[in-house]
Amino acid sequence: MSNTHTAAELAAILAGHKLWSLSVGMAGSLANLRDADLSGAYLAGANLRRADLRGAYLSRADLTGADLSLANLRGADLSRADLTGANLRHADLSHANLTGANLTGANLTGATTT
């Protein structure tokens, strides 16, 4: 089952996550976008470090230059997503669908892909 968010809701989640990340967990909240329908979303440059994106639908999403380091993307649909220059360092991409995804220049150091 997917969760759909309005643009305003997504902006609030990302703002809270950015605050959480900058404050080392003292303020804001970790982004919980588990099973979220973010297909086609514009998330270029987004800070999604450590975010919970398990099972998220990110097909055709623009994640150019996004920070997805340590993010949980287990089972996410990243088909045809643009991950050019994205930081996926130590991200969990187990069982993720990367069919047709653009990973040009993406950092996949330590990422789990099995």
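FYI, it's all coordinate maths here, none of it is from the lab. Given the structure is predicted, the values throughout are model-derived calculations rather than measurements. In this analysis, Cβ positions are derived from the backbone assuming ideal geometry, glycine residues included, and neighbour counts consider all displayed protein chains.
Taking every alpha-carbon pair under 8 Å whose residues sit at least 6 apart, the chain reaches a relative contact order of 18 percent. Judged by the mean number of other Cβ atoms found within 10 Å, the most tightly packed of the peptides 60-66, 43-49, 94-100, 71-77 leads the ranking 71-77, 60-66, 43-49, 94-100.
Past the 17 angstrom mark, what percentage of all C-alpha to C-alpha distances in the chain do you count? Don't skip to the end; give the middle numbers.
On the way: 3066 of 6441 pairs.
Taking all Cα-Cα pairs of the chain, the fraction more than 17 Å apart is 48 percent.
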